[in-house]
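The values are calculated or read from the model by the stated rules, or taken from the named source; none is laboratory data. Since the structure is predicted, the reported quantities are computational estimates derived from the model, not experimental observations. Note: ideal-geometry Cβ built from the backbone for every residue, glycine included; neighbour counts use all protein chains shown.
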Amino acid sequence: MLRYALQRIVMTIPVMAVVAVFVFGLLFVTPGDPAVVIAGEQASPEEVQAIRVAMGFDQPFYVQFGLWAQRLLSGDLGTSVFSREPVAELIAQRVGPTLSLLFGGLIIALLLSVPFGIYAAANRGKLFDRAFTAVTVLNFSIPNFIVGYLLVSIFALGLRWLPVQGYVPPDRDFGAYLLGMILPCLTLGMGFASLIARVTRASMLDVLSQDFIRTAKAKGADRNRILFAHALKNASIPIVTIVGLGFASLIGGAVITESIFAIPGLGRLTLEAISHRDYPVIQGLVLVFSAGYVLVNLAVDLIYVLLDPRIRY
Amino acid sequence: MVLLNVEHLSTIFQTSRGDLRAVNDLSFRVSKGETVAIVGESGSGKSVSAMSIMRLLDESRCRLSGKVELKGRDLLSADEAAMRAIRGNQVGLIFQEPMTALNPVVTVGRQIAEAARLHETMTRRQAAEKAIEMLTRVGIPDPRRRANEYPHQLSGGMRQRVMIAMALICRPELLIADEPTTALDVTVQAQILDLMRSLREQFGSAIILITHDLGVVAEMADRVIIMYAGRKVEEGTAEEIFAHPRHPYTKGLLGAVPRLGSSLEGKTGRLVEIEGTVPDPRVATVGCAFAPRCRGATDICRLSQPGLVRTASDHQVACHFATELVVA
Amino acid sequence: MNIQIETDLKLAMALQPDRKPVSYIRKSWALARRYSQITFGGTLLLILVLISILAPVLGTVDPRAMDTLSRLRPPSAAHWFGTDMLGRDLYSRVLYGGRNSLMIGFSVMVISAVIGTLIGLISAYIRWLDGVIMRIMDGLMSVPSILLAIALMSLTGASLTTVITAISIIEIPRIARLIRGTVLSLREQPYVEAAITSGSGPFRIIFRHLLPGTVSPLIIQSTYVWAVAMIIETMLSFIGAGTPPTIPSWGNIMSDGRALWQVKPYMVFIPGVFLTLTVLAINVLGDGLRDAFDPRIALRK
């Protein structure tokens, strides 16, 4: 079991290496002078030349990559073209709100999806199930910023229960922080919730059609027991998988959600970097987000061990 | 003493392409302590009848009619709570595929203990001890360790023993075994049958043994019911049926069993097959369902459904020519 | 229902005699009801596609024509969906935008299906390349889609081709994985082994035995790719990293309307509704196709 865990951890390394190579390699595959991209279009020819030497662009590719990787591993993600600050610092400053948003969104998504998915599977074909299918497909299809705008229209502008925009750090005012995070997390989580709900239903249905459920019934178990003690335990494995894989969409959604709700997180940083054509920042963000995604999936792999004894023994 | 009384049981599935009569007017009795085998090929309705008796089918998709009485109590009109109290308690069930019939993420011991705790109030510890005791009874070595293992860590034979332990832990008076040995290796089959025989003596339970394997029938059964296309076509004691089969289908089944040394007797040693295939259960047949495949079929057979005729004190046959002596 | 009963039922279903002749219309209606998802999704999609193809016919004015005198007007008889801040007629823009959005999504679907299948086949067939290719695919899939697209777009600048290329690159790994997985599992099938032992060459095996088995999962996955591609394009355009603003797309129109959404919500919501309907249609169609091809679910019907 420990071996499995170590194995999984070690396997993340080549994946991250590929991402790093890819991100770095993009500079060379795409048109344009890499040094200019890194230095920025406003830079003077001397600055560009300085970058060229510092990054080693006149050297063979593997040397350049080596230099870059070395810098990376020591925490240097480059310098922003726009603000001249180290990218690593920019990211560290903004990471907090994004984490709140992501995990808040995840929790809301799980709370809204799993119970309904189970109930739909248990009442297959009946009214709730049909409504469930229609609602989830619809929710899944609405772009998340539209959902965001709708929620803001109703709850912030209309009912005035919640703030329209803005972010309050938790250490300043925890209550305001929570209130301010409700709508953004809902916006982010709703689309994900439909996906999880559908997978929950499908997974439960699949498990419920298996033989051991019939055995449980034949023993005299009642419906709740069958659903929770028998079915859910087995169904949770694919559900957890999908939650891990779908986390990527959560990250993507965060970029847009932060824009709508003016949350000063990494998503906003991304948007700024886009408008300033600040490639070093974008590069850094891609690496950080990918690392986060890989970590989440690693966590999922480790959770499997708890859920599925077939892996342990 | 009659334990189970089934009268005119019919199970009709409502499918998008018409009604499907899986079980058609089935009647039989099981007495205390006796072993009744229900024999037939795939599609004969033998498993469906067992599922119907225990109300384990999805009743939004099928209609049950007739009467099923367990010790005088009608099961078909009982509500779900009443059925739950009976399942696993007064009637135990064993299924065919031990590989998939156990929950893969729960330990074997807990699954057995669950069967006990569902019907008797006891603490987890007491139930766990009972489970270990049952594991010993079904012949699993080192039961205390095994109880904490998961199904995938056990072999097929051991898993089936676990199923038997689960089914018998509440000392049911009736055990329904649906093809218990079909998915097992031949050597393991023999062991499981031995186990079932010894447990039958210890617990005194009646058994309904559903199988297509006549060898199993010969070893275990007191009485035999032969089913074809959802109907009972012959019933009698095991000796009677094996010695004097009367229905052409039964004769065909017995003729199709490979016999050691048959080539020495001067016969060609070829297996006699029954030509044709099982009929489509959605098409209501006129006449005997077996007629298309029967060598001796006549017009009467094709026009009129044969009823059950009693040819001996404990021998019924559904064939127009049941009472005629046929020289083999 | 347990295995036994399903076997019984399967036997029953397999032997279906021909019943009395039913009229064509009734048969079609019954089929439509049975495959209601495909019917609904397919019809809706067809309508939307037709509308966008007929944009020049249905559109009232040139989508780029600016009428500075009627800026930011709400929907009216003259401008059915209103106008944007440059005075452009939104109705026409939405129609043409739909055309572009649908076309982008469709192109991505086709490109990623073709290239993804190729890569998947190569990976499944040539063992020593498999490891390398799959590592690369895994790496690509480890980057959240939007970010990958943003990175690509920021380096290459915005144009229709770059948008389509960028989004295709994101979707290819998924298809490659799917095809590779399908081919690998098909290869284990007895009939393929039989073909190999009987001396069929690799091309014959690929085209006659393996590819047909990949068609249904590929079709199903591709429909979802169409939807996802459209959503990604919209999101990219919304944040300014997608289709260049000179080319109308639903995402662009919504991006234009961002700042003013509280006062002029129609600029964001109308294209939003169109996009939702399109994605909904594709998703329902995809679900219907998946259910139709899945033998287990077909049996339950």
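Taking the stated definitions as given, is A:Asp301 acidic (Asp, Glu) and free of Cβ contacts under 8 Å to residues at least 40 places away in the same chain? Spell out how you get there, then give the answer.
Working: acidic (Asp, Glu): yes; free of Cβ contacts under 8 Å to residues at least 40 places away in the same chain: no.
No, not satisfied.
How many residues are exposed (fewer than 13 other Cβ atoms within 10 Å of the Cβ) and either in contact (Cβ under 8 Å) with a residue 40 or more places away in the chain or within 21 Å of A:Phe103 (Cα to Cα) (or both) if we restrict to segment A:151-172?
3
Filter segment B:122-179 down to the residues that are polar (S, T, N, Q) and in a helix (DSSP H, G or I), then identify the one that is nearest to the chain's Cα centre (by Cα). Break it down into steps so the answer makes sense when it comes.
First, pick out the residues of segment B:122-179 that are polar (S, T, N, Q): B:123, B:126, B:136, B:148, B:153, B:155, B:160.
Checking the rest, the ones that are also in a helix (DSSP H, G or I) come to B:126, B:136, B:153, B:160.
Details: B:Gln126: 32, B:Thr136: 26, B:Gln153: 28, B:Gln160: 16 Å.
Of everything passing the filter in segment B:122-179, B:Gln160 is nearest to the chain's Cα centre (by Cα).
Pull out all pairs, ordered by first then second residue, where Cβ-Cβ is under 8 Å, the residues are six or more apart or on different chains, the first lies in segment A:211-234 and is assigned by TED's automatic domain parsing to the domain that holds A:Ala122 and buried (at least 21 other Cβ atoms within 10 Å of the Cβ), and the second is assigned to a helix (DSSP H, G or I) and among the aromatic types (Phe, Trp, Tyr).
A:His230/A:Phe212
For segment A:157-170, give me the residue count where each residue is touching a helix residue (DSSP H, G or I) at 6+ places or on another chain (Cβ under 7 Å) and more than 10 Å from chain C (Cβ to nearest Cβ). Write out each step before concluding.
Of all residues in segment A:157-170, those touching a helix residue (DSSP H, G or I) at 6+ places or on another chain (Cβ under 7 Å) come to A:161-170.
Adding the requirement that they be more than 10 Å from chain C (Cβ to nearest Cβ) leaves A:161-163, A:165-170.
Total satisfying the criteria: 9.
Of the residues C:Ile164, C:Ile169, which single one is more than 13 Å from chain A (Cβ to nearest Cβ), assigned to a helix (DSSP H, G or I) and modelled with pLDDT of 90 or more? Working first, answer last.
Working: C:Ile169 fails: more than 13 Å from chain A (Cβ to nearest Cβ).
Only one candidate qualifies: C:Ile164.
Mind checking which helices (runs of 4 or more DSSP H) fall wholly inside segment C:204-301 and carry at least 2 residues that are surrounded by fewer than 17 Cβ atoms within 10 Å (Cβ to Cβ)? Show your work before the answer.
Working: elements: C:211-238, C:250-256, C:266-293, C:295-300.
Here the list reads C:211-238, C:266-293, C:295-300.
Tell me, which residue of segment B:2-17 that is β-branched (Val, Ile, Thr) and over 16 Å from B:Met54 (Cα atoms) is surrounded by the fewest Cβ atoms within 10 Å (Cβ to Cβ)? Don't jump to the end; show me each part of the working.
So the first thing to find is which residues in segment B:2-17 are β-branched (Val, Ile, Thr), and the list is B:2, B:6, B:11-12, B:15.
Those still in the list that are over 16 Å from B:Met54 (Cα atoms) too: B:2, B:15.
Working: B:Val2: 12, B:Thr15: 17.
Among them, the one singled out is B:Val2.
Does at least one position in segment C:112-130 carry a residue that is under 25 Å from C:Ala176 (Cβ atoms), touching a residue at least 24 places away in the same chain (Cβ under 8 Å), small (Gly, Ala, Ser) and within 14 Å of another protein chain (Cβ to nearest Cβ)?
For segment C:112-130, residues under 25 Å from C:Ala176 (Cβ atoms), touching a residue at least 24 places away in the same chain (Cβ under 8 Å), small (Gly, Ala, Ser) and within 14 Å of another protein chain (Cβ to nearest Cβ): absent.
So C:Ala158 fits all but one of (1) over 17 Å from A:Leu245 (Cβ atoms); (2) not in a loop (DSSP other than H, G, I, E, B); what number is the exception?
(2)
Would you mind finding the one in C:Thr278, C:Thr223, C:Thr197 that is of a type in the set (Ser, Thr, Tyr) and more than 14 Å from chain A (Cβ to nearest Cβ)?
One residue alone meets the criteria, C:Thr197.
Any idea how many residues of segment A:268-286 are more than 9 Å from chain C (Cβ to nearest Cβ) and part of a helix (DSSP H, G or I)? Write out each step before concluding.
Our first condition is that a residue be more than 9 Å from chain C (Cβ to nearest Cβ); within segment A:268-286, this holds for A:268-269, A:272, A:276, A:280-281, A:284.
If we keep only those that are part of a helix (DSSP H, G or I) as well, we get A:268-269, A:272, A:280-281, A:284.
Adding up the residues that qualify gives 6.
Scan A:Gly252, A:Gly175, A:Gly191 and give me the residue that is touching a residue at least 12 places away in the same chain (Cβ under 8 Å) and within 27 Å of A:Arg94 (Cβ to Cβ).
From the options A:Gly252, A:Gly175, A:Gly191, the qualifying one is A:Gly191.
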